[in-house]
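Here's a structure for you.
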Amino acid sequence: MKQIYKTLLAIFLVTLLAPQAIFCQSVDKMIDEVDEYYKQFNNEKALEILKKAEKAEPNNFEVVWRLSRTYIDIGEKMPASTSQQEEAQLASYQKALEYAEKSVKINENNSIGFLRKAIANGRIALFKGVFSVGGMVNSVKADVEKAIQLNNGGNFIQGVAHYVLARTHLKTSEKWKPARSVLGLGWADNEIAISEFKKAIQLYPNYIMFYVDYAHSLIREKEYKTAREMLNKALKTPIAHQEDEKRLAEAKKILNDIKDE
């Protein structure tokens, strides 16, 4: 009798848990598919699959932060010639921020959630203008510094984190210091940007945007020789991001502009 009871219990447990295991495997498979579409810059297909995965597991950290990344990528590709198009682009960035904030709530010990939050806030800040969203710029700095402090996710994630911090210093320090200091943005420093770009490249030397933006910082300090070296490295780096074609064209233009410097 005891044996029959054990057998029935085992069958019950298998029946109860098997669908959950299959569901989990299915979501894992969807995530793998999303990553393949990400490499192909097929944002719409990636979003379609992520929405299905979110329906199955709404609090899956790997799904949620990828949703943030995908809404950023979709926003980057949106036209912004009319006010309606601009509103749609901003809405995509705000959606990315919502998912990034959710990912941090799900797992506050993972760098990538804070990194995605910094990137989303950064996009919105650039869209609205630094002087109108000083607090948001400070949030970008705080979140990306938290991602660096956590120091997990591997060289790629940490490299991007240092790049985002570098770019935040670069773009914010372009503004007149007395004016931005009033908004609490006096910390921005192009020399810090240069240092952070170096760290980003040391950690992950295979991203075109790292070299191009590093060159911008160097040119501001009139370090033209090193800037040319970085731009030439950008031209030799394989395409890995949907904006890389644009950044390569930018690198070629800058090289031509500073050829006599």
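The values are calculated or read from the model by the stated rules, or taken from the named source; none is laboratory data. Just so you know, these numbers come straight off a predicted model, no measurement behind them. Note that we place each Cβ from the backbone using ideal geometry, even for glycine, and neighbour counts take in every protein chain shown.
Going through the range 43-78 one residue at a time, which ones are surrounded by fewer than 17 Cβ atoms within 10 Å (Cβ to Cβ) and of a type in the set (S, T, N, Q)?
Listed by number, the list holds a single entry, 59.
Using the structure shown, decide if residue 149 is free of Cβ contacts under 8 Å to residues at least 12 places away in the same chain and either closer than 25 Å to residue 180 by Cα or surrounded by fewer than 21 Cβ atoms within 10 Å (Cβ to Cβ) (or both).
yes
A further question follows. In this structure, does residue 196 turn out to be under 21 Å from residue 225 (Cα atoms) and either modelled with pLDDT under 95 or under 18 Å from the mean Cα position of the chain (by Cα) (or both)?
Yes: the conditions hold for residue 196.
With the range 29-121 as the region, which helices (runs of 4 or more DSSP H) entirely inside it contain at least 3 residues that are hydroxyl-bearing (Ser, Thr, Tyr)?
61-77, 83-106
Could you check the range 165-183 and list, in sequence order, the residues that are among the polar types (S, T, N, Q) and surrounded by fewer than 17 Cβ atoms within 10 Å (Cβ to Cβ)?
Narrowing the range 165-183 to residues among the polar types (S, T, N, Q): 168, 172-173, 181.
Across the range 165-183, the qualifying residue is only 181.
Quick test of your reading of the structure: residue 175 fulfils all but one of (1) more than 15 Å from the chain's Cα centre (by Cα); (2) part of a helix (DSSP H, G or I). Name the failing condition by number.
Every listed condition holds for residue 175 apart from (2).
Of the residues that make up the range 120-134, is at least one surrounded by fewer than 18 Cβ atoms within 10 Å (Cβ to Cβ) and modelled with pLDDT of 95 or more?
no
Still on this structure: Going by the structure shown, is residue 190 touching a Lys or Arg at 6+ places or on another chain (Cβ under 6 Å) and over 25 Å from residue 116 (Cβ atoms)?
Yes, satisfied.
Restricting attention to the range 91-111, does a residue exist that is within 21 Å of residue 148 (Cα to Cα), crowded, with 24+ Cβ neighbours inside 10 Å and not aliphatic (A, V, I, L, M)?
yes
Here is a further query. Any chance you could count how many residues in the range 7-31 are loosely packed, with under 10 Cβ neighbours inside 10 Å and either over 40 Å from the mean Cα position of the chain (by Cα) or modelled with pLDDT of 95 or more (or both)?
Count: 1.
Is there a residue being farther than 23 Å from residue 115 by Cβ and among the polar types (S, T, N, Q) anywhere in the range 198-221?
The answer is no, given that none of the residues of the range 198-221 is farther than 23 Å from residue 115 by Cβ and among the polar types (S, T, N, Q).
Going residue by residue through the range 50-67, is there one that turns out to be under 25 Å from residue 238 (Cβ atoms) and touching a residue at least 12 places away in the same chain (Cβ under 8 Å)?
Start the filter on the range 50-67 by keeping residues that are under 25 Å from residue 238 (Cβ atoms), which leaves 65-66.
Filter once more, so that each one left must be touching a residue at least 12 places away in the same chain (Cβ under 8 Å): 65-66.
Within the range 50-67, one or more residues are under 25 Å from residue 238 (Cβ atoms) and touching a residue at least 12 places away in the same chain (Cβ under 8 Å).
Still on this model: Name the pairs: first residue in the range 91-107 and closer than 11 Å to residue 69 by Cα, second residue of a type in the set (A, V, I, L, M) and modelled with pLDDT under 95, Cβ to Cβ under 6 Å, at least 6 apart or on different chains?
Going by the 6 Å Cβ cut-off, the qualifying pairs are 93/124.
Yes/no per residue for (1) surrounded by fewer than 20 Cβ atoms within 10 Å (Cβ to Cβ); (2) at pLDDT 95 or above; (3) out of contact with any Leu (no Cβ under 7 Å at 6 or more places or on another chain); (4) among the basic types (Lys, Arg):
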{"residue": "163", "(1), (2), (3), (4)": "no, yes, yes, no"}
{"residue": "185", "(1), (2), (3), (4)": "no, no, yes, no"}
{"residue": "192", "(1), (2), (3), (4)": "yes, yes, yes, no"}
{"residue": "217", "(1), (2), (3), (4)": "no, yes, no, no"}
{"residue": "229", "(1), (2), (3), (4)": "yes, yes, yes, no"}
{"residue": "250", "(1), (2), (3), (4)": "yes, yes, yes, no"}
